[in-house]
1. Could you check the range 158-268 for helices (runs of 4 or more DSSP H) lying wholly inside it with 3 or more residues that are over 24 Å from V81 (Cβ atoms) and among the small types (G, A, S)?
2. Going by the conditions given, is E395 in contact with a helix residue (DSSP H, G or I) (Cβ under 7 Å, 6 or more places away or on another chain) and closer than 28 Å to N472 by Cα?
3. Hey, can you tell me all the residues within the range 425-484 that are out of contact with any helix residue (DSSP H, G or I) (no Cβ under 8 Å at 6 or more places or on another chain) and among the β-branched types (V, I, T)?
4. Restricting to the range 205-232, name every residue that is out of contact with any helix residue (DSSP H, G or I) (no Cβ under 8 Å at 6 or more places or on another chain) and crowded, with 23+ Cβ neighbours inside 10 Å.
5. Could you tell me whether the range 101-124 includes any residue that is at pLDDT below 95, exposed (fewer than 15 other Cβ atoms within 10 Å of the Cβ) and not small (G, A, S)?
6. Given the criterion of a type in the set (S, T, Y), out of contact with any Leu (no Cβ under 9 Å at 6 or more places or on another chain), free of Cβ contacts under 8 Å to residues at least 40 places away in the same chain and closer than 29 Å to K442 by Cβ, identify the matching residue among S424, S387.
7. Go through (1) in contact (Cβ under 8 Å) with a residue 60 or more places away in the chain; (2) out of contact with any Cys (no Cβ under 6 Å at 6 or more places or on another chain) one by one and return the number of the condition H184 breaks.
8. Somewhere in the range 20-32, is a residue in contact with a Ser or Thr (Cβ under 7 Å, 6 or more places away or on another chain), surrounded by fewer than 19 Cβ atoms within 10 Å (Cβ to Cβ) and modelled with pLDDT under 95?
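The values are calculated or read from the model by the stated rules, or taken from the named source; none is laboratory data. As the structure is a prediction and not an experimental result, all values here were calculated from the model. Cβ: placed from backbone, ideal geometry, glycine included. Neighbour counts: every protein chain shown.
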Amino acid sequence: MSLIKSISGIRGTIGGRPGEGLSPLDIVKFTYAYCATLPSRKARPEDRKYKVVVGRDARLSGQMVENLVVGTLVSCGVDVVKIGLASTPTTEMAVTFAGADGGIILTASHNPRQWNALKLLNDKGEFLTAAEGKEILDLAQKEDFNFAGVDDLGTVTEHDYTDEHLDAILSLHEVDAEAIAESHFKVVLDAVNSVGGIIMPRLLDRLGVECVRLNCEPNGDFAHNPEPLPANLKELCEAVVLEKAGLGISVDPDVDRLAFICENGEPFGEEYTLVSVASYLFERAHAIAKAQDIPLEEVTYPYAAVSCSNLSSSRALRDVTEKFGGTYLPAAVGEVNVTTLMHKEKAYIGGEGNGGVIFPTIHSGRDAMVGTALFLSNLAHKKLKVSELRKTYPEYYIAKNKIELSDSGLIDKILGEMKKAYASEDVNDIDGVKISFESERKWVHLRRSNTEPIIRIYSEAPTLEAAEALGNEVIDLARRIINA
C-alpha cells in the first residue's frame with residue numbers, strides 16, 4: 001500500500017490501513033481540510049454557501065471516492081456541483097463556468113488502476129500554490145473536525161460541462177475547424193478506457209474527423225499501462241497502420257497529457273506535442289505580424305510573445321519560439337511552477353515535455369483537447385503527413401538516468417559541486433542544477449526526488465549518443481564527489 005501526501009494533493013493505492021493507503025478516513029480528512037481552508041483563500045459569498053466542483057476520471061475506485069468527497073463537502077456546509085465523469089481540464093474550466101469557489105479532481109492521472117487521488121483547485125480552476133497546499137496538509141494532520149448542523153448542510157447539483165468545454169475550444173481563433181474538416185482526417189484514438197473515451201470522440205466529431213476508437217469504453221479497466229509513452233502504445237501504433245489512418249492519438253486517464261503516432265506507426269514523441277503546437281502558434285502570429293507590419297506582441301496580445309516549459313523539457317521549444325521572434329523562459333519542474341511563471345510573464349503558450357499543452361487563452365491547465373485541435377489545425381494548413389511534419393522540427397534526444405544514494409544528505413553536496421565544476425557554462429539552479437552547453441546545443445539537469453534519496457539526471461543533445469555520454473559524464477563526476 002502507498003499513500004503520498006504533498007502540497008499538490010493526496011494520492012495513493014486504494015485500501016489498507018489509514019495512513020498507509022488511500023483509505024476512506026484519509027479521503028475524509030483531506031477533504032475536510034480543504035473545506036476548512038476555503039476562507040483563507042476567498043471570502044464567503046454573501047448570498048450563498050461556498051461552492052465546490054467535483055469531477056472524476058473513470059478509474060474503478062472513482063465512484064466510491066466521489067461519494068466520500070461529496071458527502072464530506074456537504075457535511076462541511078459546502079454546496080457541490082457534481083460533474084461526474086470529466087477530464088481534468090473540463091473540471092478546471094467548470095470551476096469558472098459554475099462560478100465556484102474551488103474544485104476537487106478525483107484522478108491519479110497516469111498512475112495504474114489501483115491508484116486514485118484528490119487534486120485541489122482554487123476559484124480560478126487552477127492548482128493551489130505550495131503555501132496553500134501546505135496549509136491543508138497541516139490541518140489534515142490535526143484531525144480537529146467541526147461539521148455543520150442539519151440546517152447548514154450543503155446541497156448537491158449535477159451538470160455535465162463537456163459541451164461548454166468543447167464550445168470554448170472551437171471558438172478559439174487559432175483553431176481552424178473549417179480547414180480541419182476539409183482535410184478529411186482519419187485518426188485512431190486510444191483513450192485507455194477512461195474519460196478520454198467520452199470527450200475526445202465528441203471533439204473529433206465536431207471537427208469533422210473520422211475517429212476509429214481503441215480502448216474508449218470508460219470503464220476504468222485500463223487496457224495497458226496508462227502513461228502515454230511509446231512502450232505502452234504498441235497496440236495504437238499497429239492500429240494506425242492497419243486502419244491506414246493519418247494519425248494516432250493517445251491520452252492519459254484524465255486527458256491532460258497528449259501523445260501522437262505518425263501515419264507510419266512511429267511515435268511522434270511526447271516532447272514534441274508542445275513543440276509542434278507552439279511552433280504553429282508562433283508561426284501563425286509571425287505571419288500575421290509580418291503581413292500587417294505590426295510587432296509580434298500585438299498579435300499575441302494580451303499575452304506576451306513568450307513560451308514556457310519546465311527545465312527538464314526539450315530545448316526544441318526554445319528553438320521554435322526564437323525562430324519566429326518569441327522568447328522562451330524555463331520554470332521549475334511541476335505544472336503549478338510552469339503556470340505561475342506563465343502568469344508572471346503573460347506567456348502565450350506553455351506546458352511540459354510529457355505531452356502537456358497549456359494555452360492560457362482558454363484556461364491555465366494542461367489540456368489534451370486544446371492540444372489536439374491546435375495540432376490538427378497546423379496539420380491542415382501544412383498539408384503534410386505527420387511524419388513529414390515531425391521532420392520540420394529541431395531534432396533532439398533525451399536520456400534519463402538517476403543516482404540512488406544511501407544518504408540523502410549527499411544530494412546538496414553533489415549539486416553544489418556540480419555548479420562549481422561547470423561554472424564556465426550556463427548554470428540554472430532554480431530547481432536542482434541545469435547546465436547548458438550552448439555551443440553544442442545540449443544540456444543536463446540534476447534534481448532531487450521529492451520522495452526518495454535519488455538524484456534524477458536528464459540530459460539532451462542533438463544525438464542520443466551525445467545525450468547518453470553527457471549523462472554518464474555527470475554520473476561519473478557525482479560518484480567521484482561521493483567518494484571524495
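1. Per the criteria, 177-183.
2. It is false that E395 is in contact with a helix residue (DSSP H, G or I) (Cβ under 7 Å, 6 or more places away or on another chain) and closer than 28 Å to N472 by Cα.
3. I430, T451, I454, T463, I475
4. The one that is out of contact with any helix residue (DSSP H, G or I) (no Cβ under 8 Å at 6 or more places or on another chain) and crowded, with 23+ Cβ neighbours inside 10 Å: P228.
5. yes
6. Criteria check complete, one pass: S424.
7. (1)
8. yes
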